[in-house]
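To keep things clear, I will list the structure first and then write my remarks on it.
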Amino acid sequence: MLRRFDLEAGGDSFSFKPETEPTIDFWLAKYPADKQRSAVIPLLWLAQKDNDGWLSEPAMRTVADRLDMPYIRVYEVATFYTMFKLAPVGKSHIQLCGTTPCMLRGANDLKKVCEKKIGKKMAVTDDGRLSWEEVECLGACVNAPMVQINDYYYEDLTPESLEEILDKLANGVDVPPGNFVDRQTSAPEGGATTLKEDALYDGSRNSVTGLPNLPESNAEEDPQSEAKGKPDSNPPTNVDREEPNKEKLEAAEEGAEATEDAEKQIEGARPEALEIDGKEADDLKRISGVGPKNEEQLNSLGIYKFSQIAAWTPDNVQWVEGYLSFRGRIEREDWVGQAKTLASGGETEFSKRMDGDDAEASREEGED
Ligand code: FES
């Protein structure tokens, strides 16, 4: 698009406002003395701000003189970037995004509002309050359709809301920018539709969740580290060895209560626990998907036997998935089906491989 500047509207001279000078110094200080031209875009931007939102030819010349640049070099920059306006604009200049996402969400209707309220593109209303133009994507497509008014975004617009905004601005009333529907930033309209459980935000969930593959949990879970007698990478410190004091005991009790509260909030039904001698426990790691850490957690719930898992109802599965933060995984990996086979004395592909030469590889595959 050919962009020409308005040679007449800008008069003969321009000077920066005194209060802009410190900002100019700030930008110039960013570049070495022999590279001051690098500040051409920030200085043109400041000139535009000081010139009622557009760049007159004298303003461009002033910038060129400040930076010791040939005028043509500054003209080239100013005419290339559409952020620089080359003709007078209204006190509120509307940049309406007409690119595909905004167009599909009604930008053409918004254009009609601008034409009705303001006039042709780049025309300025007689009172000098409003002007508009169409621009390409402003990077807020998720809130389409939208406009930028001076420096701010007005999003999720309808012809009605834009008309109201323009009416207010035409009457000298400020309109705060932002969303014009009930939504927070780019969240769903009307409020969140997922991740709504209170337990996610009240801290109680922390007591039942853990991050996988943390270095210390790796050390704990690595079956070889014990076998090979590797030294503990985190030997207990003096602090660890201290006798529990009153505060610690209280904190532990509070933690237990929080765990209990969190468990109450898990959906589904907690499976029945078993109290058995550890020696009678099945090797739950023979179920593909259950690693040492999961087995430990299952044991802490009183689940030791394949027969227990084989008897889980869908409600039990839902509860355990919630407890282990494994949404959908137990069902996907068919722990119940595998447990049924193993409980009846059969073998699964995975358990067979565990017994074979590639047991180690199988174990890794099964790790959580
Ligand atoms: S298409 Fe309008 S902001 Fe991206």
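The values are calculated or read from the model by the stated rules, or taken from the named source; none is laboratory data. Model, not experiment: these values are computed from the prediction. Cβ sites come from the backbone with ideal geometry, for glycine too, and all protein chains shown count toward neighbours.
Tell me, which residue of the stretch 150-180 that is assigned to a loop (DSSP other than H, G, I, E, B) and touching a residue at least 12 places away in the same chain (Cβ under 8 Å) is farthest from the ligand (Cβ to nearest atom)? Even if it seems obvious, please write down each step before you answer.
Here is the first cut: in the stretch 150-180, the residues assigned to a loop (DSSP other than H, G, I, E, B) are 150-151, 156-158, 171-177, 180.
Then drop every residue that is not touching a residue at least 12 places away in the same chain (Cβ under 8 Å), which leaves 150, 156-158, 172, 175, 177, 180.
Working: ASN150: 17, ASP156: 11, LEU157: 11, THR158: 15, GLY172: 28, VAL175: 19, PRO177: 14, PHE180: 14 Å.
This residue is GLY172.
Could you say whether any residue in the stretch 89-100 is within 16 Å of the ligand (Cβ to nearest atom), on the phi > 0 side of the Ramachandran plot and in the same structural domain as VAL147 (by TED's automatic domain parsing)?
no
Looking at the stretch 112-119, is at least one residue in contact (Cβ under 8 Å) with a residue 12 or more places away in the chain, within 16 Å of the ligand (Cβ to nearest atom) and not in a helix (DSSP H, G or I)?
No, there is no match, as no residue in the stretch 112-119 is in contact (Cβ under 8 Å) with a residue 12 or more places away in the chain, within 16 Å of the ligand (Cβ to nearest atom) and not in a helix (DSSP H, G or I).
Which residues, taken from the stretch 320-346, are under 26 Å from the mean Cα position of the chain (by Cα) and part of a helix (DSSP H, G or I)?
GLU321, GLY322, TYR323, LEU324, ARG329
Among ASP109, ASP126, which is surrounded by fewer than 17 Cβ atoms within 10 Å (Cβ to Cβ) and more than 16 Å from the ligand (Cβ to nearest atom)? Full working, then the answer.
Details: ASP109 fails: more than 16 Å from the ligand (Cβ to nearest atom).
Going through ASP109, ASP126 in turn, the sole match is ASP126.
Are there helices (runs of 4 or more DSSP H) fully within the stretch 2-67 with at least 2 residues that are closer than 21 Å to MET122 by Cβ? List them.
Result: 40-50, 57-67.
Based on what the data block shows, is LYS285 modelled with pLDDT under 85, closer than 17 Å to GLU333 by Cα and surrounded by 16 or more Cβ atoms within 10 Å (Cβ to Cβ)? Lay out the reasoning, then the answer.
Working: modelled with pLDDT under 85: no; closer than 17 Å to GLU333 by Cα: yes; surrounded by 16 or more Cβ atoms within 10 Å (Cβ to Cβ): yes.
So LYS285 does not fit the description; no.
Given the condition within 23 Å of ASP167 (Cα to Cα) and surrounded by 19 or more Cβ atoms within 10 Å (Cβ to Cβ), answer yes or no: does some residue in the stretch 76-90 qualify?
Checked the stretch 76-90: at least one residue is within 23 Å of ASP167 (Cα to Cα) and surrounded by 19 or more Cβ atoms within 10 Å (Cβ to Cβ).
Which one is nearest to the ligand (Cβ to nearest atom) among residues in the stretch 129-149 that are out of contact with any Gly (no Cβ under 6 Å at 6 or more places or on another chain) and closer than 22 Å to LYS49 by Cα?
LEU138
Going through the stretch 82-111 one residue at a time, which ones are hydrophobic (A, V, I, L, M, F, W, C), assigned to a strand (DSSP E or B) and in contact (Cβ under 8 Å) with a residue 60 or more places away in the chain? Give the derivation first.
If we filter the stretch 82-111 for residues that are hydrophobic (A, V, I, L, M, F, W, C), which is where we start, we get 83-84, 86-87, 89, 94, 96-97, 102-104, 107, 110.
After this cut, where a residue has to be assigned to a strand (DSSP E or B) as well, the list is 94, 96-97.
Within the stretch 82-111, just ILE94 meets the criteria.
Give the residues of the stretch 312-334 that are among the small types (Gly, Ala, Ser) and free of Cβ contacts under 8 Å to residues at least 24 places away in the same chain, sorted by residue number.
GLY328
Would you say TRP54 is surrounded by 15 or more Cβ atoms within 10 Å (Cβ to Cβ), under 37 Å from the mean Cα position of the chain (by Cα) and under 17 Å from LYS85 (Cα atoms)? Before you say what the answer is, go through the steps one by one.
On the way: surrounded by 15 or more Cβ atoms within 10 Å (Cβ to Cβ): yes; under 37 Å from the mean Cα position of the chain (by Cα): yes; under 17 Å from LYS85 (Cα atoms): yes.
Taking the combined requirement at face value, the residue satisfies it.
For LYS49, are the conditions met, namely being outside the structural domain of ALA144 (by TED's automatic domain parsing) and in contact with a strand residue (DSSP E or B) (Cβ under 9 Å, 6 or more places away or on another chain)?
Values: outside the structural domain of ALA144 (by TED's automatic domain parsing): yes; in contact with a strand residue (DSSP E or B) (Cβ under 9 Å, 6 or more places away or on another chain): no.
Answer is no for this residue.
Considering LEU249, LEU298, which residue is at pLDDT 75 or above, assigned to a helix (DSSP H, G or I) and either in the same structural domain as VAL336 (by TED's automatic domain parsing) or not small (Gly, Ala, Ser) (or both)? Don't jump to the end; show me each part of the working.
On the way: LEU249 fails: at pLDDT 75 or above.
From the options LEU249, LEU298, the qualifying one is LEU298.
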